[in-house]
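One structure is given here, and the rest of the page talks about it.
Coordinate-derived values only; no laboratory data. All values reported here derive from a predicted model rather than from experimental measurement. Note that we place each Cβ from the backbone using ideal geometry, even for glycine, and neighbour counts take in every protein chain shown.
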Amino acid sequence: MEKDKILEIEEKIAYLDLANFQLEDEVYRQKLEIEALTTSVKTLEALVEVINGGLQTDKPSTLDFPPHY
């Protein structure tokens, strides 16, 4: 009876170890994905800044005037 309890506990520990390793792998994969997405967002933000900088000129656009002009 005592041996059965010990085997049951060892089995549960083995499953918990496996689950822990799987969770660690998933967290690491998600960390890499978050870093890649963060890099992409920063690149897109820089591109938007470049585009916005190129669109701004000294003379006003015709869109800046009211429609009756």
* To do: Convert each backbone phi in region 14-25 into a coupling constant with the Karplus relation 6.51 cos²θ - 1.76 cosθ + 1.60 (shift: θ = phi - 60°), then list the ³J(HN,Hα) values in order as whole Hz, x for Gly and Pro.
  => 4, 5, 5, 4, 4, 4, 5, 5, 5, 5, 4, 4
* To do: Could you tell me whether region 1-61 comes out rounded, prolate or oblate from its Cα gyration tensor? Rule is a ≥ b ≥ c as square roots of the eigenvalues, rounded for a/c under 1.5, then prolate if a/b exceeds b/c, otherwise oblate.
  => prolate
* Asked: Once the other residues with Cβ under 14 Å from the Cβ of GLU10 are scored (Lys, Arg +1; Asp, Glu -1), what is the net sum?
  -> -2
* Potential lengthening between ALA19 and LEU47 on full extension [0.36 nm per residue; Cα-Cα distance subtracted] -> 5.9 nm
